[in-house]
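The values are calculated or read from the model by the stated rules, or taken from the named source; none is laboratory data. All values derive from a computational prediction rather than experimental measurement. FYI the Cβ positions are ideal-geometry reconstructions off the backbone, even for glycines, and counts take in every protein chain you see.
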Amino acid sequence: MKLLVIGSGGREHALVWKLAQSPHVTQMWCAPGNAGIAAERLTSNQQVECVNLNADDLPRLLAFAQEKKPELTVVGPDNPLALGIVDLFQQHGLRIWGPNRKAAQFESSKVFAQNFMEKYGIPTAQAGTFSDERSAKAFAASLKGRCAVKADGLALGKGVLICHNVTEANQAIDEILVSKAFGVAGAKIVIQEFLEGMEISLHALCDGKTAKLFPTAQDHKRALDGDEGLNTGGMGTYSPAPFLDDRQLAEVGRRILDPWLQGCSAEGIDFRGIIYPGVMLTPNGPKVLEFNARFGDPETQVYLTRLENDLLELLDASVNGTLAGMELRWSPMTSVCVVMASAGYPGPYVKGKTIVGLTEAGRLPHTKVFHAGTTREGDDLLTNGGRVLGVTAWGVDLPRARALAYAAVAKIQFDGAQFRHDIAAKALG
Ligand code: AMP
Ligand code: GLY
């Protein structure tokens, strides 16, 4: 089967790496890909080919797919999904994996997601949705300003402002609704009560009728150790996270996914892809903070190093509506991913720094270095983004996996490299 994968980050490298292990795959392109993706090989030893097309350039991606005729296109990032790449490809008779535009609204509109959760009884924060500043401020005041103020639309992961008092909440509301800091993405806002607890990532693969829950993972969103500093796309993950046992995970999954599936059916939403709820485990039970409609980054790196199934067979079943008969199989190993980022990330950063030590890191057992923002220039591997590498390792238990991931990180250098030293520390108590 010929495959086209769309995206260029660590998530897409993990997707390509896992899909390349499938004996069904005969050819693979990735648009636009990165240096790590370009070095992957299929089981036939044929190389994966990166094509210089942006993930949100829908017309050119369509033209490419019409010419090359991949039997399946796999979409990594949120933006092309929100733009309707799935609808567009399907209109042209091309098979594609991911939620269509209507289904992608779980991520592309926080107002949609919040209303849906309330309508179908999915446990979530107490919340209100607003487009006018005065009623928003009155609601925030009723929460004593302890709240999360969220722009409705996609805002590169920056559209959520956590507030501790009324002054901060009013500032956040002004920033989004009045100063339009996120443009049209902030024409409406959701204000949620501030929830305390342990935050975990859940993923479920769906085929429109069935949702198959993954094990737990935990991300580290803040830039600095101890959850200090700015919010990022994610600085490291591990799976499983020990805050739920198997029975509790199944129960949490049931409380979220059963009403979610019922709601999708009632609203005529045909969700084929990954639904990824961000969940806070509060003293009053699990509550969904938000939905994403795609694989998490860097959750994918730890999930796919544990997945024992042929990923292509799972994605095929997701597209075909035949997931009910499939069993997801996970290695009992723990997997840990430590992200190495450019100096300054998530603020402005410089690209083009030479990366060394990957060969040495690659010699460690049970280790895979996924590339995110990298490019090749001649013989040199250079940084080309904020998040540069997702250094991933697995082991029989968390301490061993973690030690191995950090041993690999220690072998890799580039000018200004920053990473968190406390990935998975919460699980070690
Ligand atoms: P979101 O993009 O909605 O997941 O928000 C980004 C991050 O903000 C989440 O990963 C949480 O760490 C934090 N957050 C979002 N909503 C809340 C909330 N209601 N209470 C506490 N923290 C939140
Ligand atoms: N890991 C955070 C995200 O993918 O949104």
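A few comments on the model shown:
- Between Ala181, Ala113, the distinction of being closer than 30 Å to Thr237 by Cβ, touching an Asp or Glu at 6+ places or on another chain (Cβ under 8 Å), in a loop (DSSP other than H, G, I, E, B) and small (Gly, Ala, Ser) belongs to Ala181 only.
- Candidates in segment 279-313 are the residues that are within 16 Å of ligand 2 (Cβ to nearest atom) and among the small types (Gly, Ala, Ser); of these, the one that is nearest to Tyr120 (Cα to Cα) is Ala293.
- When segment 218-239 is filtered for residues that are buried (at least 24 other Cβ atoms within 10 Å of the Cβ) and more than 13 Å from ligand 1 (Cβ to nearest atom), the ones remaining, listed by number, are Gly236, Tyr238, Ser239.
- Of all residues in segment 39-93, those being surrounded by fewer than 20 Cβ atoms within 10 Å (Cβ to Cβ), touching an Asp or Glu at 6+ places or on another chain (Cβ under 9 Å) and closer than 27 Å to Pro23 by Cα number 1.
- Within segment 155-180, the set of residues being touching a residue at least 12 places away in the same chain (Cβ under 8 Å), among the aliphatic types (A, V, I, L, M) and more than 10 Å from ligand 1 (Cβ to nearest atom) comprises Val166, Ala169, Ala172, Ile173, Ile176, Leu177, Val178.
- Restricting attention to segment 253-287, the residues that are within 27 Å of Ile6 (Cβ to Cβ), surrounded by fewer than 21 Cβ atoms within 10 Å (Cβ to Cβ) and within 14 Å of ligand 1 (Cβ to nearest atom) add up to 1.
- Those residues of segment 176-198 which are out of contact with any helix residue (DSSP H, G or I) (no Cβ under 7 Å at 6 or more places or on another chain), more than 18 Å from Ala82 (Cβ to Cβ) and modelled with pLDDT under 95, in sequence order: Ser179
- Scanning segment 117-153 for residues that are farther than 21 Å from Val184 by Cα and assigned to a loop (DSSP other than H, G, I, E, B) returns Tyr120, Gly121, Ile122, Pro123, Ala125, Gln126, Leu143, Lys144, Gly145, Arg146.
- Selection over segment 19-28 of residues that are in contact (Cβ under 8 Å) with a residue 40 or more places away in the chain and crowded, with 22+ Cβ neighbours inside 10 Å gives a count of 2.
- Among residues of segment 226-238 that are without any contact (Cβ under 8 Å) to a residue 24 or more places away in the chain and among the acidic types (Asp, Glu), those with a Cβ under 9 angstrom from a residue that is within 11 Å of ligand 1 (Cβ to nearest atom) and not in a loop (DSSP other than H, G, I, E, B), sequence gap 6+ or separate chain, pair up as Glu228/Arg222.
- Yes/no for Gly208 being more than 10 Å from ligand 1 (Cβ to nearest atom), surrounded by fewer than 22 Cβ atoms within 10 Å (Cβ to Cβ) and on the phi > 0 side of the Ramachandran plot: yes
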